[in-house]
1. Please name all residue pairs, on different chains or six or more residues apart, with Cβ atoms under 6 Å, provided the first residue is in segment 232-247 and is under 20 Å from Gly288 (Cα atoms) and the second residue is more than 11 Å from ligand 1 (Cβ to nearest atom) and part of a loop (DSSP other than H, G, I, E, B).
2. Could you say which residue among Asn83, Asn58 is in contact (Cβ under 8 Å) with a residue 12 or more places away in the chain, part of a loop (DSSP other than H, G, I, E, B) and closer than 21 Å to Gly239 by Cα?
3. Considering every residue within segment 38-47, establish whether at least one is of a type in the set (Phe, Trp, Tyr), over 30 Å from Pro347 (Cβ atoms) and either modelled with pLDDT of 95 or more or assigned to a loop (DSSP other than H, G, I, E, B) (or both).
4. Taking the options Thr98, Thr107, name whichever one is at pLDDT 95 or above, under 18 Å from Pro127 (Cβ atoms) and either among the aliphatic types (A, V, I, L, M) or within 12 Å of ligand 1 (Cβ to nearest atom) (or both).
5. Restricting to segment 226-243, and then to whatever is surrounded by 24 or more Cβ atoms within 10 Å (Cβ to Cβ) and either more than 16 Å from ligand 2 (Cβ to nearest atom) or charged (D, E, K, R) (or both), can you tell me which residue is farthest from Ile77 (Cα to Cα)?
6. Check Leu177 against each of (1) away from ligand 2 (no atom under 16 Å from the Cβ); (2) crowded, with 17+ Cβ neighbours inside 10 Å; (3) not in a loop (DSSP other than H, G, I, E, B); (4) not β-branched (Val, Ile, Thr) and name the one condition it does not meet.
7. Within segment 190-224, track down each residue that is assigned to a strand (DSSP E or B) and among the β-branched types (Val, Ile, Thr).
8. I'd like to verify a number: residues in segment 368-382 that are loosely packed, with under 15 Cβ neighbours inside 10 Å and assigned to a loop (DSSP other than H, G, I, E, B), how many?
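The values are calculated or read from the model by the stated rules, or taken from the named source; none is laboratory data. Bear in mind that the values here come from a model prediction, so they are computed numbers and not experimental data. Here the Cβ is made from the backbone with ideal geometry for all residues, glycine too, and neighbour counts use every protein chain on show.
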Amino acid sequence: MIPSIQSKLPDVGTTIFTVMSVLANEHNAINLGQGFPDYPMSAELIALVNKAMQTGYNQYVHMNGLPVLREELAGKINSLYANKVDGDTEITITPGGTYAIYTALTTILQPGDEVIVFEPAYDSYIPNIEINGAVPVLIPLVYPDYKIDWDLVKQKITAKTKLIMLNTPHNPTGAVLGADDIAQLQSIVKDTVIFILSDEVYEHLIFDGKKHESMLRYPDLYERSFVCFSFGKVYNCTGWKLGYCVAPPALMKEFRKVHQFNCFTCNSPVQFALSEFLRHEENYLQLGSFLQHKRDHLKNLMQQTRFKALPSYGSYFQLYSYSDITDEGEKDFAIRLTKEYGVATIPVSAFYKNGEDNKVLRFCFSKNENTLEEAVNRLIRV
Ligand code: PMP
Ligand code: GLN
């Protein structure tokens, strides 16, 4: 008899990012779907990885990550957010941000726990909650502003609420948390034992002079937080899949129990290279203005089309409404745009458990200017 698997994720299909990238390749379309740059990453960082490999830094490093890299990160966190985290006890290097999020969820959640999730939500969150036997409590970020309705959050909190998940800058909407959001969050979690998981992979990809409202800035929020980051997003090397999680010592101690028998330790030469590269703050501080310029370039070009831009204050992404063009569903329209016009995007309905459809598509603008120009030349015909 052949055994059959009782699926832990019976309702989950293939992630939309893979679906749209495969379709883009099949149809030779310009891929403004999955979020990755098509321009080269830093040659200096590549040279530092080569140097690390040739120097012989090719064996396991400490299971929590290369100590000097964690020290550099602690220094960066202190200078950006005035928070003296200890690299030894509060930072763990992970194989990407997604893994950091999964590990934090697995560390925190018990079956039956409730987790507040704002939709649209990055597509790994809900399956990662459900695989741990916990229950996502979905709160809509209402189109077209996608702001958090904190009164609704208060109403949804129960004795079972274990965790609130946040993402700023936000994928897919490009919304960012403001000081008013932080004040509301502080007053809601005060006197509770609710944890926070804050996905801040787009930490430096923030525009129009907005301040990144990291949980690391606020001691009363940090004391209950797991804060997740991705080097791939900051250094234009999404394929390297390296990230980290920051959490207070008692929380991080438990995170490391899960991490050590799942991954143990990450790629060593990249960690040696990053520990040197990270010392130059211009390597990450210029990212916001670099990407803001790309956001604006795409937005200006898109004025020649019938797509309408929604605001984006951060991330790689901007949403565009196509309600003036057709009332086709988002997924069908995204597929047709890829096949018939040669431009791939992401339907925002993929970020909702129940597939809400506001006729908006997510465009990735972290591309060469000529890629954006060629894409828009195709979209003008739509
Ligand atoms: N969170 C969000 C919101 C993302 O967009 C992504 C994709 N980069 C990740 C987490 C995961 O990052 P990584 O590729 O480092 O796993
Ligand atoms: N974070 C990227 C996006 O939103 C994709 C990462 C992935 O494919 N999982 O496009």
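1. These pairs meet every condition: Val234/His204; Asn236/Pro37; Asn236/Met41; Cys237/Met41.
2. Asn58
3. No, because not a single residue in segment 38-47 is of a type in the set (Phe, Trp, Tyr), over 30 Å from Pro347 (Cβ atoms) and either modelled with pLDDT of 95 or more or assigned to a loop (DSSP other than H, G, I, E, B) (or both).
4. The conditions single out Thr98.
5. Lys233
6. Here Leu177 clears every test but (3).
7. Scanning segment 190-224 gives Ile196, Ile206.
8. Total satisfying the criteria: 3.
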